[in-house]
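What follows is one structure encoded as structure tokens, with my remarks underneath.
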Amino acid sequence: MGLLDKLQTAGSNLTAFNGATPATNPGATKSSKLHAYDTTPGYSVNGAYSSEVVAAYNAYLDGVPNPLPQPSTLDLNGRTPEKYLDTLPE
């Protein structure tokens with residue numbers, strides 16, 4: 001009996017999937033709204049889509065609680081910054 005057969009029949013206390021391939025978490029796909037959604041800023045930029053991002057984040061089964069960090073307070077809410085001008089000393 002191979003490992004896969006053993007997992008599928010007896011299960012394991014080390015995994016919730018017992019040899020099956022788990023579904024892909026939406027937070028790990030291009031449809032994630034963590035950083036942006038289409039052309040709008042996402043959760044990490046200004047807190048948008050927080051309920052969807054928190055749900056996807058909580059769907060990870062890694063065995064430990066992982067609090068979702070607060071959105072950034074440093075960026076420009078999705079606006080493109082003004083062009084940097086190189087003003088080196090002469």
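What follows draws every value from the coordinates through simple rules; no lab data is involved. Nothing here was measured: the structure is a model prediction, and the numbers come from that model. Cβ placement follows ideal geometry from the backbone for every residue including glycine, while neighbour counts extend to all protein chains displayed.
Descriptive notes on the structure:
- Residue match in segment 5-13 (condition: under 21 Å from T73 (Cβ atoms) and β-branched (V, I, T)): no
- Scanning segment 14-62 for residues that are closer than 25 Å to L74 by Cα, part of a loop (DSSP other than H, G, I, E, B) and either in contact with a Phe, Trp or Tyr (Cβ under 7 Å, 6 or more places away or on another chain) or basic (K, R) (or both) turns up K30, K33, L34, G42, Y49.
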